[in-house]
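Trainee: Before I ask anything, let me first share the structure, which is written out below as structure tokens.
The values are calculated or read from the model by the stated rules, or taken from the named source; none is laboratory data. Everything quoted here is computed from the prediction, not taken from an experiment. Because the Cβ atoms are built from the backbone with ideal geometry, glycine has one as well, and the counts that use them run over all protein chains shown.
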Amino acid sequence: MQGFFLKIYVGENQKLGGVMLSEWLLEQAKKIGIQGGSAFRAVAGFGRHGMMHEETFFELAGSLPVEVGFVVSEEQSQQLLASLKTEKLKLFYVKIAAEYGVTGEA
């Protein structure tokens with residue numbers, strides 16, 4: 001099947017209405033009917049401001065990036081991105097054309 005891999009980047013401790021933004025994104029995806037999604041916490045990273053964020057043994061500041069990813073149809077990607085606009089969220093995202101399926105099917 002053809003669709004898109006949509007990745008949205010949020011801050012580890014970024015919240016919306018008292019809920020972690022990564023969790024909020026996953027819940028929004030479920031409401032839209034997206035079949036699955038995952039959130040991955042980075043070990044280190046930097047964003048458009050150029051500031052390096054790293055986890056160290058002594059300092060667990062909670063400022064690392066989290067990548068929330070979904071495999072979606074065009075319509076689903078538009079719905080999810082529209083929900084971000086409705087909430088006035090300014091987040092970086094990547095939308096990549098993807099072929100997807102399930103192995104082992106007859």
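Trainee: Residues being surrounded by 17 or more Cβ atoms within 10 Å (Cβ to Cβ), in contact (Cβ under 8 Å) with a residue 60 or more places away in the chain and over 15 Å from Lys90 (Cα atoms): count how many of those fall in region 4-52.
Mentor: Residues in region 4-52 being surrounded by 17 or more Cβ atoms within 10 Å (Cβ to Cβ), in contact (Cβ under 8 Å) with a residue 60 or more places away in the chain and over 15 Å from Lys90 (Cα atoms): 2 in total.
Trainee: Still on this structure, please answer the following. Out of Arg41, Arg48, which single residue is under 13 Å from the mean Cα position of the chain (by Cα), among the charged types (D, E, K, R) and at pLDDT below 95?
Mentor: On the way: Arg48 fails: under 13 Å from the mean Cα position of the chain (by Cα).
Result of the check over Arg41, Arg48: Arg41.
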